[in-house]
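Have a look at the structure below before the remarks.
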Amino acid sequence: MLRSRAEVLRFLDWCAPLALENGAAACPGGEGTSAAYLATLQKWEQRVSSEIADYKKYEAPGAWKAHLAERKALVEKNLTTCSGD
């Protein structure tokens, strides 16, 4: 099982992204690590982690049903449709 980003990149044989992240990774024609690439990657990882953490609030019993009920009430209140006028 692939458990890390590095393992996935190696499995896909994508040496360029791996070499940008890790100077020890060999890649023909690679120019070494990139601080800008790493910073951007870390920002994206933080955003993904934050979004995943946000979904944990629905783990509580009934939380997802309550959320759906809230959404349904909003749609019923705010939805306007063409009724063939």
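Could you list all residues from the range 49-73 that are under 22 Å from L9 (Cβ atoms) and surrounded by 10 or more Cβ atoms within 10 Å (Cβ to Cβ)?
Matches in the range 49-73: S49 only.
Hey, does the range 12-27 have a residue that's assigned to a loop (DSSP other than H, G, I, E, B), surrounded by 12 or more Cβ atoms within 10 Å (Cβ to Cβ) and either small (G, A, S) or touching a Cys at 6+ places or on another chain (Cβ under 6 Å) (or both)?
Scanning the range 12-27, I find at least one residue that is assigned to a loop (DSSP other than H, G, I, E, B), surrounded by 12 or more Cβ atoms within 10 Å (Cβ to Cβ) and either small (G, A, S) or touching a Cys at 6+ places or on another chain (Cβ under 6 Å) (or both), so the answer is yes.
Here is a yes/no grid of residues against (1) touching an Asp or Glu at 6+ places or on another chain (Cβ under 9 Å); (2) in a loop (DSSP other than H, G, I, E, B):
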position: R3; (1), (2): no, yes
position: E7; (1), (2): no, no
position: L38; (1), (2): yes, no
position: V48; (1), (2): no, no
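How many residues, within the range 45-85, are farther than 30 Å from E21 by Cα and β-branched (V, I, T)? Spell out how you get there, then give the answer.
We begin by selecting, within the range 45-85, every residue farther than 30 Å from E21 by Cα; these are 57-85.
Now narrow it down to the ones that are β-branched (V, I, T): 75, 80-81.
Residues that pass the stated criteria total 3.
Read-outs throughout are calculated quantities, based only on the coordinates presented, and are distinct from any laboratory measurement. The structure presented is a predicted model; accordingly, all values stated were derived computationally and were not measured. Heads up, the Cβs are rebuilt from the backbone with ideal geometry, glycines too, and the neighbour counts pull from every protein chain shown.
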